[in-house]
């Protein structure tokens, strides 16, 4: 129980969760705001990615080398990232360096230089990176599954590398500037920090970073659901003896849906860790794969995500591996989970939760994730009791309600056996 | 219970103890910041200790250790993963060239459980033929996954070309044919040679009571005997390289990469401290020389440098990921020019200070959580001295700009150089 130790502060436009701990000198923080990557752009998600990547390429006051020196000379970490509907940032620094590091964050967000030369370099590097991904089996299997499950106006939809390369060829710096102007605002601006931190002092520094930021009224126009799309997609690649296989189905459940935790626990029992069913059978007993697991992905408080299984298979075991995985999936749906599995995974999740909170980085991330998923602060203490209260009947009910093995889409990428 | 142990020394707040009866080393670092503990067992055996025909044995054995013992096994419902993950432990193991480690990051109340399991599998692994057969295909899939990646392929090929006689020639996972031909008997012989208390170090980092932790070590590990089988020393020295070596890897991909490697001295050699600084100056961050000369000029998508320190001489290497439309020769030339510039004019004091500060801060970040400390200790043990970790800041503090220029002139030379290109087919 640690929620009582977290101090919640409201500044003019941000909510801050601050947790002082006994660690010496180190402070970690996560933050994010809604950017709503929508609008009249060829691909708003790609534009957002490039806009965010431009933020550390220099500001109106300092070029990227001076900015980098400011951080590197202190050994501080600061990253900005595009995260679907949100733009996020992470930092870690010594306590004494906080003003300087948060100062850099403010400069990058508020006064980016958007230099044409830097944009051109970034554009070409991004094209190269996309080209490199074309021969990556995991990327190709995931992308094919993604396209089978989502329409192109869903936030979980990923544009293909080929399409992105074509869009990048025509992308202009003015689009980046316009995106920054329109989408960087204080919509649900949340920051979580933990470590050797003075909450009030931190809030004052944050106030300076986001001075003058306004909340914009927006409504989302994204599609809300994916497509149930049974079938199979094969992406043939040369010279790849290991094949990546993905299986998936959209789930109409958001993080705030009453079935979410039961579905999370159900998925964890199937493929959440080394002692889960898939690893236990397809890897440990049958020796068919090195890597296999199941997870819920792309779930936010606004948009439902999808259930997926991934498995990597050498050519000679491709057929057997897929059959064995599908067999476990069917068994999980038809026979459900057992009381002993339920009890085991409940204690696993409770212990894991404690372990994940053992660093300032883990604490800040947990607080931030909790807020971004739409939960009240109390959920940080209530999470484990809520998991512990789930019954086998509830877990089995949600499995049967949402997962029909016949509706699963199968995606394979690699060099197919002769 | 302290009488069962000899106290050796303290360094950087970490205490070293040795069990009197079996020479098991124990490193303790109490830190009550969070109610968790990292328990790590480091065996001083890695792919360095393998011979042709048995490559990959260390890694194969690491997998087999999760198949358990007579007490902890799947058939009994007490598999290592089941028992430990049930209490929320983060559990895993890794194999590298000079060491193998097994670790648990878990709530402090369960530390005795982790010790009980690690002690049991230190001497009582089952290594059944059925388990070896089923795990073999798992490892072959792991091999294929690595082989899929052109850069990993290039990295390994460069090591193989740089080291022709020394076991660093082969990768940790081993050659595919050796994995296929592994037998339970080979693994048993390897296990019985290297898995003993006197070839292991326990690192116990986190919310612990010193005396209680040692009492548990004695309870679980104290009855294990020390080895009676002589462990073969690795005596082979890599013959002197005479001239540059070149290798190409042709593998299907959209874009290639360039790796330029130089033999460095053995891990604990002080010249490696200067090479560490040099690797940071060359390859870490936007102010690094490789970023400025390659990535910022559009030659590479990313470029970095690393000084890979090992028990025996390893490699200092530079890596560039080709950008669209740029020839490999141009990337290679640009990297060599960066090196030449350091050899000729050295680095600035500002560059050195920045590199040092990054490491100092990184060490402070390590103290935020127990796993990082154990992990760093593990690598220090691997190269020959756990205090390498606690003394590292002092070591790099002694490095001067002149040292960095000297090591660049001494080690980054043609007669120590191996160049590899990944050429997309």
Just the ratio, please: alpha-carbon radius of gyration of segment B:340-425 over 2.2 N^0.38 Å, N its number of residues. 1.40
Averaged across B:348-358, how many Cβ atoms of other chains sit within 10 Å of each residue's Cβ atom? 2
Cα-based convex hull, segment B:112-180, per residue volume (Å³, whole number): 147 Å³
Helix B:184-194 versus the longest principal axis of chain B: what angle, 0 to 90°, nearest 10, using Cα atoms? 90 degrees
Divide the volume of the convex hull of the Cα atoms of the protein assembly as shown by its number of residues and quote the answer in cubic angstrom per residue. 155 Å³
Please give, to one decimal in nm, the separation of the simple spin-label points placed at residue A:40 and residue B:402, each 7 Å out from Cα toward the Cβ. 6.7 nm
Given points 7 Å out from each Cα along the Cα-Cβ axis, report the residue A:66 to residue B:9 separation in nanometres with one decimal. 4.7 nm
If you split all Cα-Cα distances of segment B:24-95 into 5 Å bins from zero, what percentages do you get per bin, shortest first? 3, 12, 17, 18, 19, 15, 10, 3, 1, 0
The FRET efficiency for residue A:386 and residue B:94, from their Cβ-Cβ distance with R0 = 60 Å and rounded to 0.05, is 0.95
Pulled fully out, how much extra length does the chain show between residue A:5 and residue A:335, if you take 0.36 nm times their separation in residues and subtract their Cα-Cα distance? 114.5 nm
Counting only C-alpha contacts under 8 Å and six or more residues apart, can you give the relative contact order of segment B:245-424 as a whole percent? 39 percent
Per-residue mean of other chain beta-carbon atoms within 10 angstrom of the beta-carbon, peptide B:128-139? 3
Max mean-square fluctuation residue, GNM over chain A, Cα-Cα springs under 10 Å, options A:183, A:147, A:257: A:257
Quick one: work out the % antiparallel among DSSP beta bridges in segment B:2-221, nearest 5. 85 percent
Log entry: pair-distance distribution for segment B:2-221, C-alpha pairs binned every 5 Å from zero, whole % per bin is 1, 7, 14, 17, 18, 15, 12, 9, 6, 1, 0
Checking B:300, B:172, B:394 against a Gaussian network model of chain B (alpha-carbon springs below 10 Å), the top fluctuating residue turns out to be B:394
Within 10 Å of each Cβ of A:124-137, how many other protein chain Cβ atoms are there on average? 6
Computed over segment A:4-64: relative contact order in percent, which uses C-alpha pairs under 8 Å that are six or more apart: 15 percent
Which whole-number value in Å³ per residue fits the convex hull of the alpha carbons of segment B:227-329? 166 Å³
Hydrodynamic radius of segment B:177-269 per Kirkwood, over alpha carbon pairs, in Å: 19.5 Å
Rg/Rh over Cα atoms for chain B, Kirkwood Rh, comes to 0.98
Which distance in nm do the two modelled labels at residue A:378 and residue B:189 give, with both placed 7 Å along the Cα-to-Cβ direction? 6.6 nm
How big is D, in µm² s⁻¹, for chain A by Stokes-Einstein at 20 °C and 1.002 mPa s if Rh is the Kirkwood radius over C-alpha pairs? 92 µm²/s
The FRET efficiency for residue B:20 and residue A:111, from their Cβ-Cβ distance with R0 = 56 Å and rounded to 0.05, is 0.30
Considering only DSSP beta bridges where both residues belong to the protein assembly as shown, give the percentage that are antiparallel (nearest 5). 80 percent
Take the alpha carbon atoms of segment B:339-364, find their center, do the same for segment A:317-358, and report the distance between the two centers in whole angstrom. 48 Å
Express in nm, to one decimal, how much length is gained between residue B:413 and residue B:233 on full extension, taking 0.36 nm for each residue of separation and deducting their alpha carbon distance. 61.8 nm
Normalised by the number of residues in segment A:3-209, what is the relative contact order in percent for Cα pairs under 8 Å and 6+ residues apart? 40 percent
In degrees, nearest 10, range 0 to 90: what is the angle between the Cα axis of helix B:129-148 and the longest Cα principal axis of chain B? 20 degrees
Starting from the Cα-Cα distance between residue A:400 and residue A:174, subtract it from 0.36 nm times their residue separation and give me the gain in nm to one decimal. 76.4 nm
Determine the shape class of segment B:360-405: with a ≥ b ≥ c the square roots of the Cα gyration tensor eigenvalues, call it rounded for a/c under 1.5, and otherwise prolate if a/b is greater than b/c, oblate otherwise. oblate
According to the Cα gyration tensor, what semi-axes, each the square root of 5 times an eigenvalue, does the equivalent ellipsoid of segment A:120-165 have, listed from largest to smallest in whole Å? 21, 14, 6
Based on the Cα gyration tensor of segment A:3-209, what are the three equivalent ellipsoid semi-axes, each the root of five times an eigenvalue, rounded to whole Å and given largest first? 32, 20, 16
If the viscosity is 1.306 mPa s and the temperature 10 °C, what Stokes-Einstein diffusion coefficient in µm²/s follows for segment A:231-414 when Rh is the Kirkwood radius over Cα pairs? 91 µm²/s
Counting only DSSP beta bridges with both residues in segment B:245-424, tell me the antiparallel percent, nearest 5. 75 percent
Where does helix A:173-183 land angle-wise versus the long Cα axis of chain A, in degrees 0 to 90, nearest 10? 90 degrees
When 1/r is averaged over all different Cα pairs and the result inverted, which Kirkwood radius in Å belongs to segment B:245-424? 17.0 Å
Between B:229, B:208, B:381, where does the largest GNM mean-square fluctuation fall for chain B, given springs only between Cα atoms within less than 10 Å? B:229
The FRET efficiency for residue A:15 and residue A:166, from their Cβ-Cβ distance with R0 = 30 Å and rounded to 0.05, is 0.15
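Every number here is computed from the coordinates shown, using simple stated rules; none is lab data. As the structure is a computational prediction, the values presented were derived from the model and not from experiment. Reconstructed Cβ throughout: ideal geometry from the backbone, glycine too, with neighbour counts over all protein chains shown.
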